[in-house]
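Colleague: Structure in structure tokens, see below.
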Amino acid sequence: MDLEVGAIVAGKITGITKFGAFVTMASGKSGLVHISEIANTYVSDVHEHLAEGQEVTVKIIGVDQTGRMNLSIKAATAAPVEEPRPRPHQKQMAAHGEPSFEDKLKRFMQDSDNKMSGLKQYSDKKGARRRGR
């Protein structure tokens, strides 16, 4: 089996540290899966995602000059599929009847204008009293 950058291979977790996990492949070579390459979400503790002796599929993402391999679990698994976002110019209602972003923005701007005009009137009246009018 050829272990080169880009290859996806099976391995076994042989050690866990606070910065990642060591994986030994079937060929006997081992490499490190850095904590940032374990999952597509934030990982604060490696033990929450991996256990020693666990079988994993990893992708070789790098090999340094001394022959150490950098591995990735999240690159070896399919990325989660994101739902397509609606285009901004399309006014759509959510399934539960929530107004679109444009409607929310329009309402916010109207409320903001009303509050600003009220504040301006209040400050004009207050300033007129101080000037003795």
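Colleague: Just to be sure, is Ile35 crowded, with 17+ Cβ neighbours inside 10 Å and in contact with an Asp or Glu (Cβ under 8 Å, 6 or more places away or on another chain)?
Modeller: Working: crowded, with 17+ Cβ neighbours inside 10 Å: yes; in contact with an Asp or Glu (Cβ under 8 Å, 6 or more places away or on another chain): no.
Against the criterion (crowded, with 17+ Cβ neighbours inside 10 Å and in contact with an Asp or Glu (Cβ under 8 Å, 6 or more places away or on another chain)), Ile35 does not qualify.
Colleague: So which residues in region 18-32 are surrounded by fewer than 17 Cβ atoms within 10 Å (Cβ to Cβ) and without any contact (Cβ under 8 Å) to a residue 12 or more places away in the chain?
Modeller: Gly28
Colleague: Turning to a different aspect of this structure: How many residues does region 44-95 hold that are among the basic types (Lys, Arg), assigned to a loop (DSSP other than H, G, I, E, B) and at pLDDT 90 or above? Break it down into steps so the answer makes sense when it comes.
Modeller: First, the residues of region 44-95 that are among the basic types (Lys, Arg): 59, 68, 74, 85, 87, 91.
Narrowing further to those that are assigned to a loop (DSSP other than H, G, I, E, B): 68, 74, 85, 87, 91.
Next, only the ones that are at pLDDT 90 or above stay: 74.
Residues that pass the stated criteria total 1.
Colleague: Something else now. Take the conditions over 26 Å from the mean Cα position of the chain (by Cα) and either within 17 Å of Ala51 (Cβ to Cβ) or small (Gly, Ala, Ser) (or both) and apply them to Ser30. Does it pass?
Modeller: Numbers: over 26 Å from the mean Cα position of the chain (by Cα): yes; either within 17 Å of Ala51 (Cβ to Cβ) or small (Gly, Ala, Ser) (or both): yes.
In short, yes.
The values are calculated or read from the model by the stated rules, or taken from the named source; none is laboratory data. Note that this is a predicted model, so its numbers are computed, not measured. A quick note on method: Cβ atoms are made from the backbone with ideal geometry, for glycine too, and the neighbour counts reach across all protein chains shown.
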